[in-house]
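Asker: Please find one structure pasted underneath; my questions will follow.
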Amino acid sequence: MKIQTTLFGELVLLDQCTLVGSSESLGFQTYVNSSHNGTEKRKALRETASQVLNIDYVVVRTALAQNFNVLWGGLRKLWAIPVDVEWQRIGGVDGDFIECETSIYDYRNDSLALLKHKDGLAVVEIKEVLANGLKLYEPITLQSFTIRPLRVGFILGDVSAPINAVYGQPSLQFQVMDAPYLQAPVPTQFLGHDIYFKRLLLEGNALNVTVLQHQTVVDFGLGPIDQHSNWLHARYGKPMRSVMKGQQALFEYRQFLFRRLGQYRAFWLPTFERNFYVKSTGAISTVIDVELNQYQEYASNRKHIAIQDKSGNWTAHSISNAVQTSNTLRLTITPALNKAAVDIRMISYLSLHRLNNDSVDIQYKGAGITESSVAILEIEP
């Protein structure tokens, strides 16, 4: 559908409903400088993200002919792409101001929005995004409609579509031209870095984790075989899967991603495993007794733990000393815990992570549900 706008000129409006399974990709850019011993320094090369919308839709019967013409002739043109996952219902508008929620939706100054009503579609041009709604360039009168942001972009690469005499299902990939920018608040800090206690979701009935090493095998084919590693310690990788129910949860997840800037900004995260089992009784302040688990022999360089109580609250601590007896490991921690031993549910290692990719996909699952999975990497124990 061809539309004419003041802000962007002539555009092709994607007027089909987005199918479940469509997605968006946010791409950051980080330079990772890894040293010989495995430590690293990172620099963010882009202060925001590029955005790609991956849209699937269906056309049936007589609409196939129109769809062919639009795709064939509009392949190299600019498109207006609705972000259907961000729709909201509006009672009505009469003038140049639409009262709606804007704080958790991706509306921008000098951008477009799509209005869907019982008689068709309308495109409005947004002059200014306010706390309680959208200031428009031109007035409009309309009752009972839904609204969602429109992004302006172009088709990346080719368009593929299974078709027959009854239906077609094109898959389009749009590069958004007006890159999103989200100001993420600074979360709780621990030792100078962000800390999160967001529980990792299982994939199926388990979480697939990887213990990574740097390994050089020395074998000249003439005698003994040896190995060598330059890293100071192994690394621990795992997927961070998130399911967002509703727009508020999606907005908060996007804030998390923009705070990370891809691989750039590190964050503390527990393993969410029972790495220690409590033996102490009574009140615990700065000393806690735990069962022996060969910590001293193999993991004594892991100096940080997170403790969850039975109410679900987490606290972060550093291990300042560890003393092993014949049947107990005594840990000295800071800051003090000041809780009863019977109230402790779990003690996990706490380590510094980063995202292991600069690109993150968000899948649209329908009914206001979105899902994302990104690999994370432990960089310091």
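The values are calculated or read from the model by the stated rules, or taken from the named source; none is laboratory data. Being a predicted model, the structure only gives us computed values, none of them experimental. Counting neighbours? That spans all protein chains shown, and the Cβs are built from the backbone with ideal geometry, glycine included.
Asker: Quick check on my filter: what residues within region 298-315 are within 16 Å of Met346 (Cβ to Cβ) and either surrounded by fewer than 17 Cβ atoms within 10 Å (Cβ to Cβ) or at pLDDT below 95 (or both)?
Answerer: Result: Asp309, Lys310, Ser311, Gly312, Asn313.
Asker: I've got another one for you. So if I check each of Tyr264, Tyr295, which one is under 30 Å from Tyr31 (Cα atoms), surrounded by 15 or more Cβ atoms within 10 Å (Cβ to Cβ) and of a type in the set (Phe, Trp, Tyr)?
Answerer: Tyr264
Asker: Go through region 263-287 residue by residue and tally those that are assigned to a loop (DSSP other than H, G, I, E, B) and closer than 18 Å to Ser351 by Cα. Can you show your working first?
Answerer: Just the residues of region 263-287 that are assigned to a loop (DSSP other than H, G, I, E, B), to begin with: 263-266, 271-275, 277, 279-282, 285-286.
Restricting the remaining residues to those that are closer than 18 Å to Ser351 by Cα gives 263-266, 271-275.
Selection size over region 263-287: 9.
Asker: Hey, another quick one. Name, by its number, the condition in (1) free of Cβ contacts under 8 Å to residues at least 24 places away in the same chain; (2) farther than 23 Å from Ser242 by Cα; (3) touching a strand residue (DSSP E or B) at 6+ places or on another chain (Cβ under 8 Å) that does not hold for Lys310.
Answerer: Only one criterion is unmet by Lys310, namely (1).
Asker: Shifting gears a bit: Suppose we filter Ser326, Ser285 for residues that are modelled with pLDDT of 95 or more and polar (S, T, N, Q); which single one remains?
Answerer: On the way: Ser326 fails: modelled with pLDDT of 95 or more.
Result: Ser285 is the single residue among Ser326, Ser285 that is modelled with pLDDT of 95 or more and polar (S, T, N, Q).
Asker: Which residues, counting only those in region 313-334, are under 25 Å from Ala266 (Cα atoms) and either touching a residue at least 40 places away in the same chain (Cβ under 8 Å) or of a type in the set (A, V, I, L, M) (or both)? Full working, then the answer.
Answerer: First pass over region 313-334, keeping only residues under 25 Å from Ala266 (Cα atoms): 313-320, 333-334.
Answer for region 313-334, where residues must be under 25 Å from Ala266 (Cα atoms) and either touching a residue at least 40 places away in the same chain (Cβ under 8 Å) or of a type in the set (A, V, I, L, M) (or both): Trp314, Ala316, Ser318, Ile319, Ile333, Thr334.
Asker: Right, something else. Go through (1) surrounded by fewer than 17 Cβ atoms within 10 Å (Cβ to Cβ); (2) touching a residue at least 60 places away in the same chain (Cβ under 8 Å) and name the single condition Arg89 misses.
Answerer: Here Arg89 clears every test but (2).
Asker: What pairs come out if I take residues in region 181-195 that are surrounded by 11 or more Cβ atoms within 10 Å (Cβ to Cβ) and pair them with residues that are of a type in the set (Ser, Thr, Tyr) and part of a loop (DSSP other than H, G, I, E, B) whose C-beta lies under 6 Å away, six or more apart or interchain?
Answerer: From region 181-195, the pairs are Tyr181/Thr48; Ile195/Thr188.
Asker: Could you tell me which numbered condition Asn208 fails, if it satisfies all but one of (1) over 30 Å from Glu128 (Cα atoms); (2) in contact with a Cys (Cβ under 8 Å, 6 or more places away or on another chain)?
Answerer: Among (1) over 30 Å from Glu128 (Cα atoms); (2) in contact with a Cys (Cβ under 8 Å, 6 or more places away or on another chain), the lone unmet condition for Asn208 is (2).
Asker: Since Gly282 meets every condition but one in (1) among the small types (Gly, Ala, Ser); (2) within 28 Å of Asn208 (Cβ to Cβ); (3) touching a residue at least 12 places away in the same chain (Cβ under 8 Å), which condition does it not meet?
Answerer: Against the list (1) among the small types (Gly, Ala, Ser); (2) within 28 Å of Asn208 (Cβ to Cβ); (3) touching a residue at least 12 places away in the same chain (Cβ under 8 Å), Gly282 comes up short only on (2).
Asker: Now for a different question. Got a sec? Which strands (runs of 3 or more DSSP E) wholly within region 301-357 have at least 3 residues that are under 28 Å from Ala375 (Cβ atoms)?
Answerer: On the way: elements: 304-309, 314-324, 329-334, 344-355.
Result: 304-309, 314-324, 344-355.
Asker: Residues to consider are Ser160, Ser171, Ser144; find the one that is hydroxyl-bearing (Ser, Thr, Tyr) and under 16 Å from Trp79 (Cβ atoms). Please lay out each step first, then the result.
Answerer: Values: Ser160 fails: under 16 Å from Trp79 (Cβ atoms); Ser144 fails: under 16 Å from Trp79 (Cβ atoms).
Selected residue: Ser171, the only one of Ser160, Ser171, Ser144 that is hydroxyl-bearing (Ser, Thr, Tyr) and under 16 Å from Trp79 (Cβ atoms).
Asker: Being surrounded by fewer than 16 Cβ atoms within 10 Å (Cβ to Cβ), among the charged types (D, E, K, R) and part of a loop (DSSP other than H, G, I, E, B) narrows it down to one of Asp94, Asp178, so name that one.
Answerer: Numbers: Asp94 fails: part of a loop (DSSP other than H, G, I, E, B).
Selected residue: Asp178, the only one of Asp94, Asp178 that is surrounded by fewer than 16 Cβ atoms within 10 Å (Cβ to Cβ), among the charged types (D, E, K, R) and part of a loop (DSSP other than H, G, I, E, B).
Asker: Test each condition in (1) surrounded by 14 or more Cβ atoms within 10 Å (Cβ to Cβ); (2) among the basic types (Lys, Arg); (3) out of contact with any Ser or Thr (no Cβ under 9 Å at 6 or more places or on another chain) for Arg199 and report the one that comes out false.
Answerer: (1)
Asker: Another question, then. For region 36-84, name all the residues that are among the polar types (S, T, N, Q) and either within 24 Å of Leu114 (Cβ to Cβ) or in a helix (DSSP H, G or I) (or both). Write out each step before concluding.
Answerer: Taking region 36-84 and keeping what is among the polar types (S, T, N, Q), we get 37, 39, 48, 50-51, 54, 62, 66-67, 69.
Once the filter is applied, which keeps residues that are among the polar types (S, T, N, Q) and either within 24 Å of Leu114 (Cβ to Cβ) or in a helix (DSSP H, G or I) (or both), region 36-84 yields Thr48, Ser50, Gln51, Asn54, Thr62, Gln66, Asn67, Asn69.
Asker: Looking at Asn230, Asn208, can you tell me which residue is part of a loop (DSSP other than H, G, I, E, B) and at pLDDT 90 or above? Give the derivation first.
Answerer: Values: Asn230 fails: at pLDDT 90 or above.
When all the criteria are applied, what remains is Asn208.
Residues are listed down the side, and each one gets a yes or a no for (1) more than 28 Å from Asn164 (Cα to Cα); (2) under 24 Å from the mean Cα position of the chain (by Cα); (3) of a type in the set (Val, Ile, Thr):
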{"site": "Pro82", "(1), (2), (3)": "no, yes, no"}
{"site": "Trp87", "(1), (2), (3)": "yes, yes, no"}
{"site": "His117", "(1), (2), (3)": "yes, no, no"}
{"site": "Ser144", "(1), (2), (3)": "yes, no, no"}
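Asker: Look at region 4-33 and say how many of its residues are loosely packed, with under 13 Cβ neighbours inside 10 Å and part of a strand (DSSP E or B).
Answerer: Residues in region 4-33 being loosely packed, with under 13 Cβ neighbours inside 10 Å and part of a strand (DSSP E or B): 5 in total.
Asker: Scanning region 329-381 for residues that are more than 30 Å from Ile55 (Cα to Cα) and of a type in the set (Asp, Glu), which turns out modelled with the lowest pLDDT?
Answerer: Going through the qualifying residues, I end up with Glu380.
Asker: Take the residues of region 203-235 that are free of Cβ contacts under 8 Å to residues at least 24 places away in the same chain and surrounded by 11 or more Cβ atoms within 10 Å (Cβ to Cβ): which is farthest from Gln255 (Cα to Cα)? Lay out the reasoning, then the answer.
Answerer: Taking region 203-235 as the starting set, the residues that turn out to be free of Cβ contacts under 8 Å to residues at least 24 places away in the same chain are 204-206, 213, 215-229, 234.
Going one step further and asking which of them are surrounded by 11 or more Cβ atoms within 10 Å (Cβ to Cβ), we end up with 213, 229, 234.
Numbers: Gln213: 32, Ser229: 37, Ala234: 30 Å.
Looking at the filtered set, the residue picked out is Ser229.
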